1. How many percent of the accessible area of the chain is carbon or sulfur, using a 1.4 Å probe?
2. At a temperature of 20 °C and a viscosity of 1.002 mPa s, determine how fast the stretch 184-337 diffuses translationally according to Stokes-Einstein, using the Kirkwood radius over alpha-carbon pairs as Rh; express D in µm²/s, rounded to the nearest whole number.
3. Note down the net charge around Asn243, summing +1 for each Lys or Arg and -1 for each Asp or Glu among other residues with Cβ under 15 Å from its Cβ.
4. Based only on the alpha carbon positions, what is the Kirkwood hydrodynamic radius of the chain, in angstrom?
5. What residue among Gly136, Ala163, His56 has its Cα farthest toward the positive end of the dipole of the chain, where the charges are +1 on Lys, Arg and -1 on Asp, Glu, each on the Cβ?
6. What is the spin-label model distance, in nm, from Ser287 to Asn102 if the labels are put 7 Å beyond Cα along the C-beta direction?
7. Add +1 for every Lys or Arg and -1 for every Asp or Glu among the other residues with Cβ under 13 Å from the Cβ of Gly81, and state the total.
8. To the nearest 500 deg cm²/dmol, what mean residue ellipticity at 222 nm is calculated for the chain from DSSP H runs of n ≥ 4 alone, each contributing -39,500 (n - 2.57), summed and divided by the residues?
Amino acid sequence: MSDSQLHDDEEDNNDVFIDQSDIIHEVALDDEVLPEACDPNSDSDSEIEEVDDSDHIFTGHTGELYAAACSPTDMALVATGGGDDKGFLWQINNGDWASELNGHTDSVSSLGFSHDGKFLATGSFDGTVKIWDVAGNLKGTLDGPEGGVQWLRWHPRGNVLIAGFDDSSTVWMWNTDNFAFLMSFNGHASGVTCGDFTPDGRTICTGSDDATLRIWNPKTGESIHVVRGHPYHTEGLTCLAINSTSTIALTGSQDGSVHFVNITTGRVVSSVPSHSSSIECVGFAPSGTWALIGGMDKMTIWDIEYSLARSTCEHEYGVTCLTWLGASYVATGSMDGAVRLWDSRSGECVKVFRGHSEGIQTLSLSANREYLVSASLDHTARVFEVKDFC
């Protein structure tokens, strides 16, 4: 076969043959590891910069955060607690000061400032509540029944505190001036999951895993009303809120139902169409005419006067916590780590704050209404500026 025929066959087969005579120069290779080719779908830190809209990040905790509260009187003071068994007092936009609150032997699950901002209460899964001054000095410890503290609330005008516990069907009340136990409220058949004083301080409302709401006289410990059975919840209560006039309690349940209860009569006065999953948080607008209901499926903005939904907002990752910023805007936290601001008049999401890498557990608004503090399972608390929405 001629050389020309061989050449034609090679072109036809699209094959290229190289023999020893074609080698010009040999280069020795070492064992250096070469970088891999870039993956256009990669989300590595070097390729996609993480978005962080926060003005301040508190990183003092070494575990998940479960609770946060802003002082009602100090514009900058914040308290946080979490799974590292610690609480912290710190200041917005002041990274040079923090007071570590040591003494609990289990997670700090709840906390709150007294009405005058002079004291902080921290509740723990170790079954105790500790009282601190705002400099971080421990003033006293309140012992309760067995079980971790699920929630705690201060009286709106005095140094009296109530708390509910994991393994107890009772609510305990103390005088924090002398750390004396005052009384327990007995009647629920299961753990008390939520509770609060009415804003006038004359009544206590508590919700339980036994699917009941109880309304109490805090002076005598008497159960004034028990709300249960049709048309009320069929499963345990998860959250409650009380309007500013101390007349209506709003409760949510594991069964996805939401009800409004007249505190004076103990009667269900209105109900919201059920969500498809558990209700996680509820709250009244400052005007008291609207309410917000957050579940693991969606958020409902409810017109109380006309008993209808103003807006229904789909929420893929659920609403874990909420707080009203003013008459029109509300903030929500979600399991995707985002904090969203909504216009309650239109149901439109007007702002998304990013920065957290895990779910938001709670939100708190600063006393001057300029900053929103979020506490997350990612071990951090973040501060976002919201003054344009308050």
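The values are calculated or read from the model by the stated rules, or taken from the named source; none is laboratory data. Note that the structure is a prediction, hence the values are computed from the model and not measured. Glycine gets a Cβ as well: all are built from the backbone with ideal geometry, and neighbour counts include every protein chain shown. When the accessible area is computed, the model is the full protein with side chains, heavy atoms only, and any ligands, DNA or RNA have been set aside. Shrake-Rupley method; radii C 1.70, N 1.55, O 1.52, S 1.80 Å.
1. Details: 8440 of 18680 Å².
Accessible surface attributable to carbon and sulfur in the chain totals 45 percent.
2. 139
3. -3
4. Numbers: mean 1/r = 0.0431 Å⁻¹.
Answer for the chain: a Kirkwood hydrodynamic radius of 23.2 Å.
5. Ala163
6. Label-label distance for Ser287 and Asn102, simple model: 5.1 nm.
7. -4
8. Helix-only estimate at 222 nm: -1000 deg cm²/dmol.
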